[in-house]
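I have placed the structure first, in the form of C-alpha cells, so that the comments after it can refer back to it.
The values are calculated or read from the model by the stated rules, or taken from the named source; none is laboratory data. Nothing here was measured: the structure is a model prediction, and the numbers come from that model. No Cβ is skipped: glycine too gets one built from the backbone with ideal geometry, and neighbour counts run over all protein chains shown. These area figures cover heavy atoms from the full protein model, side chains too; ligands, DNA and RNA do not enter into them. Shrake-Rupley method; radii C 1.70, N 1.55, O 1.52, S 1.80 Å.
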Amino acid sequence: MEMGNQHPSISRLQEIQKEVKSIEQQVLGFSGLSDDKNYKKLERILTKQLFEIDSVDTEGKGDIQQARKRAAQETERLLKELEQNANHPHRLEIQNIFQEAQALVKEKVVPFYSGGNCVTDEFEEGIQDVILRLTHVKTGGKVSLRKARYHTLTKICAVQEIIENCMKKQPSLPLSEDAHPSVAKINSVMCEVNKTRGTLIALLMGVNSKETCRHLSCVLSGLMADLDALDVCGHTEIRNYRKEVVEDINQLLRYLDLEEEADTTYAFDLGQNHSILKIEKVLKRMREIKTELLQAQNPSELYLSAKTELQGLIGQLDEVSLEKNPCIREARRRAVIEVQTLITYIDLKEALEKRKLLACEEHPSHRAVWDVLGNLSEIQGEVLSFDGNRTDKNYIRLEELLTKQLLALDAVDPQGEEKCKAARKQAVKLAQNILSYLDLKSDEWEY
C-alpha cells in the first residue's frame, strides 16, 4: 500500500522500526560491558521503542496486530543481542585478562612514574603473557568480540611501547642549563612530559578516573606551544634537544587518538588486512603441496621440488609486516609452524627411505628408535590431514598413538651408545612437536 493510504497505526509502527533499524549496527558491533554508558544508552533507546510499539492501538485488526508483533520481536531481538554482546563468556574473559594488566600497571608502572624504581623484568614478562593470552581469545568471527579484543590489545601494546621508548632514552639528557637560557624551559617541559607519560598509561589502562583524554590533549598541546615559542636559532644541539621533546609529545598525542581510531576504522577486522591476506596466500599454497604429497602414488618424486618451494614460503612469511599487531604475529607464527611441519614430514620420509637402502648391522636400541620413527611418520601423515577439534574421536585416537610412541621411546635402553642416545632424543622431540602441532590444529584459533 502507498503510505498515504495506510492506517495511521501501521505508519507509526514503520516509523518506530526505522528508528530501531538506525541503531542496529551499533548494537551488533557493541564491544563494551553492561556497565558502559553506551550500553545503557542503547538499552534505553530500545526499551523506549518497545513501549512505543506497545502503545500503538491495533483497533482489534489482525494485520495491525501482526505488524506490531513483528516490530516488537525485532526490537526484542536487538535487546537480546546487546545483552549477549556485553555478557558473552569470551567478552568477560577479555575483561578478566585486562584487569590483570591493570593490576600490573598499578603495582609496577604507576609507582615508577611517581619517582619509584625502574620497571622490572617481571612487569615486562607479565604484560607479554597478557598479550599472548588475549591473542588466543576466540572470537568466532563475531564483530563485537573482535572489536573488544582489538581495543584491549591496542591499549596494552601502547603501554608496552610507551615504556620501551622511555627506557631507551639517552642518559645524556637533559642538557645543562648553562648551555643556553632556553634549556631550562625545555628541561621543565621534558619533566612535565615524563609525568604526562605516566598519566597517559594510567588513563589508557583505566586506573586513573580523574583524568580525561581531552584534558591531557590540552596539556600536551600547551607544552608544545611553550616549546614552539622558544628562540633556539643558531644552536643545533639545543634545537635537536627541543625537536626530540616535541617528537615525544607528538607520540603521546597519537596514543590519545587510539580509542577514537579503534571505533572509526575497521582495523579490528583482520580478514582484509594486507599481512593476513599474504599469510593466507602462503597457507593456501602449502595446503596444495600437502595434498599433492599425501595423495601421490610416488611421493618421493615430489620431495625435492616440494621442499624447495616450502623453503620459499618460509621466506615469504619472514617478509610479512607485523604492523605491531600481536594477532598478526601469532598468525605468522602458526603459519611458519604449518610449513615447517610439512618440511619435517618430508625430511623423515626421505631418511626412512634412505635407511632401507643401507643394509648394515646396527645396535638393537638404535633399530628400536628407527621403528618408532617409522610409526611417527605414519601418524604425522594422519595429523597433517586432521581437520577437527579436541572433542573429535580421531583427535583422541591420534593423541593416544603419539603418547604410546613417547612411552616406547622412553623404554628404549641406549646401553651407553651415544649415537643411540642422540637418536632417541631427536625422536622424542619429533613426537612432542607432532603432538604440539595436533594441539595447534585443533584449538580453533582465529584472528
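General observations
- Cα-based shape type of the stretch 270-442, given that a ≥ b ≥ c are square roots of the gyration tensor eigenvalues and the cut on a/c is 1.5: prolate
- Coupling constants for the stretch 344-358 follow from the phi torsions by the Karplus curve (6.51 cos²θ - 1.76 cosθ + 1.60, θ = phi - 60°), and in residue order they are 4, 4, 5, 4, 5, 4, 4, 5, 5, 5, 5, 5, 4, 7, 9 Hz; glycine and proline get x.
- Accessible-area value, residue 155, 1.4 Å probe, nucleic acids and ligands omitted, Å²: 50
- Estimated from helical segments only, the mean residue ellipticity of the chain at 222 nm is -25000 deg cm²/dmol, where each DSSP H run of four or more residues counts as -39500 (n - 2.57).
- Answer label for mean projected area of the Cα convex hull in nm² (calculated), chosen among [x] 39.7; [y] 22.8; [z] 35.7: [z]
- Here the extension length gained between residue 350 and residue 11 equals 114.5 nm, from 0.36 nm per residue of separation less the Cα-Cα distance.
- Counting only protein heavy atoms and a probe of 1.4 Å, the accessible surface of the chain is 49% carbon and sulfur.
- Cα-Cα over 23 Å, subset of 155/278; 21/155; 210/324; 290/421; 307/441: 155/278; 21/155; 210/324; 290/421
- When peptides 76-83, 404-411 are sorted by average Cβ neighbour count within 10 Å, with the highest value leading, the order is 76-83, 404-411.
- Per residue accessible area of the chain, 1.4 Å probe, in Å²: 56
- Our coupling estimate for the stretch 435-440, obtained by passing each phi through the Karplus curve with A = 6.51, B = -1.76, C = 1.60 and θ = phi - 60°, is 5, 5, 5, 4, 4, 4 Hz, Gly and Pro reported as x.
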